[in-house]
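Rule-based calculations on the coordinates, nothing more; no lab input. In this text, all values refer to a predicted model and were calculated from it rather than measured experimentally. Using ideal geometry, Cβ is built from the backbone for each residue, glycine included, and neighbour counts are taken over all protein chains shown.
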Ligand SMILES: Nc1ncnc2c1ncn2[C@@H]1O[C@H](COP(=O)(O)OP(=O)(O)OP(=O)(O)O)[C@@H](O)[C@H]1O
Ligand SMILES: [Mg+2]
C-alpha cells in the first residue's frame with residue numbers, strides 16, 4: 001500500500017474521531033516510522049528541537065492512534081495496524097454502502113465530559129484527592145472577586161490547560177491561587193500545590209508529582225517516560241496543579257525568564273502541557289514571565305497569562321485588620337504602596353509601632369518610607385537584574401515624568417538594542433509602569449520602586 005495512502009487514511013481517521021488533523025510534527029514522525037526509519041534524530045535536526053521532544057510527541061501520537069483505532073499502537077506495529085484498518089474500513093464501507101458516520105468530536109472533550117459529568121444519578125461520585133504540600137495556610141482573604149471569576153472561567157469554561165499567574169512579589173499570587181483551589185476543587189479528581197522555591201530539577205518535580213498518582217515502585221527512571229506518565233494522568237483524571245515560585249527556575253543576572261542551566265527541560269514540559277490533549281490545568285505562579293508563555297498564549301491556544309495588580313479598595317480591609325486610624329487618608333496610603341498587600345502589611349506594622357496607628361501622621365513624613373523588611377523584599381528581584389536593566393532603573397528613578405524608550409538612548413552607556421531588551425525584560429519582571437498614550441508608549445517607576453532605587457543605587 002502506498003505510503004501517501006496510509007498517511008491520508010491515518011489523518012482521516014484521526015480527524016473523524018477528534019476533529020483535528022495530524023500536525024506537521026506528527027505527520028513527519030509517522031512518515032519516518034512507516035518507512036522503517038529511526039525518526040528522532042533526523043526530525044530533531046530538521047526542526048531544531050531536542051530528540052526528547054520528538055520522542056514524547058511520538059508517544060502522544062501512538063496514544064491518539066491507539067484511541068482512534070481501538071488497539072495498542074506503537075512504532076513497531078503502526079504500519080501493519082493502519083494497513084489492516086484501512087483494508088477493513090474499505091470493505092465495510094462497501095458493505096454498508098458508504099454509510100459512515102462522521103464523529104466530529106474532540107477526544108479531549110469527550111473524555112472530559114465522561115469524567116466530569118455523570119451520565120446518571122447512580123454513578124459513583126468522584127473521589128477528590130487534595131495534596132497541597134507545604135502551601136501556606138490562608139487566614140484572611142479580601143475580595144479578588146473579578147480575578148477569581150476570570151480564572152474560574154478560563155479553567156472550567158474555556159478548558160485552559162496552562163495559566164501563568166504573574167505579578168510583582170507580594171501582590172498576592174500564592175494567596176489567590178490557594179483561594180481559587182478552595183473555590184473550584186470539587187470539579188477535579190486531583191488538586192495539587194507545589195512550590196519550586198528550592199529550584200528542584202524537572203526530574204525531581206515529576207517524581208514528586210508522580211508519587212501522588214502511583215506507588216514509588218511504579219515511577220520510571222527515565223525522564224521522558226516520567227513526562228509521558230504525567231501526561232497520561234492529566235488525560236485520565238481532571239487535575240488542577242499549581243506550581244508556585246516558578247521564577248526560581250530562572251537565572252539571576254540574565255534577562256527575565258531565562259532558564260538556569262540544567263532547567264531548560266521545564267520549558268519543554270510546559271509546552272507539552274499546552275500542546276498535548278488532556279483535561280487538566282497547570283497554573284504557574286511567577287514574578288518573572290516565562291518566555292514560552294508569551295509565545296504560546298495566542299487567542300486559539302489553551303494558554304493564558306493573568307497579571308495580578310493592586311488589591312484596590314479591598315486593601316482598606318488590610319489596614320482595618322491592622323487597627324489603623326484616619327480612614328479618610330487610607331486611599332493615599334494605598335496609592336503610594338500600589339495596593340500591594342505585602343507592602344501594605346509591612347508598612348501598616350510600622351505605622352502601628354511608631355505612629356500609634358495614625359496614618360495621617362505617617363503620611364507627613366517624606367513619602368514613601370520603606371520599612372526594612374520591605375527593602376529586603378525588594379532586594380530579591382533587584383538582585384537578579386542585569387547591569388543594563390539596573391542602569392535603566394536608575395535612569396527612570398531620576399526622571400520626574402514618564403519617558404519613551406528612545407529617550408534613554410545616549411543617556412545610558414548601552415547600545416540601543418541592549419536598552420530595548422532591558423526595558424522589555426523589566427516589563428516581564430513587572431517592575432515598570434507602562435503608559436500607552438495615543439502615539440507613544442511611556443515608562444516610569446512607581447513611588448516605592450523609585451525610592452528603593454534612589455536609596456540603594458544612586
Ligand atoms: N486578597 C488578599 N486578602 C488578604 N491578604 C492578602 C491577599 N492577597 C495577599 N494577601 C497577603 O499579602 C501577602 C503577600 O501575598 P502572597 O504571598 O500571596 O504574594 P505573592 O504574590 O505570592 O508573593 P511572592 O511573589 O513573593 O511569592 C501575604 O501575607 C498575604 O496574606
Ligand atoms: Mg508567592
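List of remarks:
- Antiparallel beta bridges, as assigned by DSSP with both residues in the chain, represent about 20 percent of the total such bridges.
- Cα-based shape type of region 312-369, given that a ≥ b ≥ c are square roots of the gyration tensor eigenvalues and the cut on a/c is 1.5: rounded
- Note on region 182-272: along the principal axes its Cα atoms extend 40, 35, 22 Å, ordered by decreasing extent.
- The mean sequence separation of alpha-carbon pairs under 8 Å and at least six residues apart, normalised by the residue count of the chain, gives a relative contact order of 14 percent.
- The alpha carbon convex hull volume per residue for region 129-307 rounds to 115 Å³.
- Footprinting exposure proxy for 280, 360 (fewest neighbouring C-beta atoms within 10 Å first): 360, 280
- All C-alpha pair distances within the chain, sorted into 10 Å bins from zero, spread as 4, 17, 24, 23, 16, 9, 5, 2, 0 percent across the bins.
- Fewest-first ordering of 13, 454, 38 by other beta carbons within 10 Å of each residue's beta carbon gives 38, 454, 13.
- For region 378-457, the mean projected area of the C-alpha convex hull, equal to one quarter of the hull surface, is 5.0 nm².
- Ranking of 129, 278 by count of other Cβ atoms within 10 Å, fewest first: 129, 278
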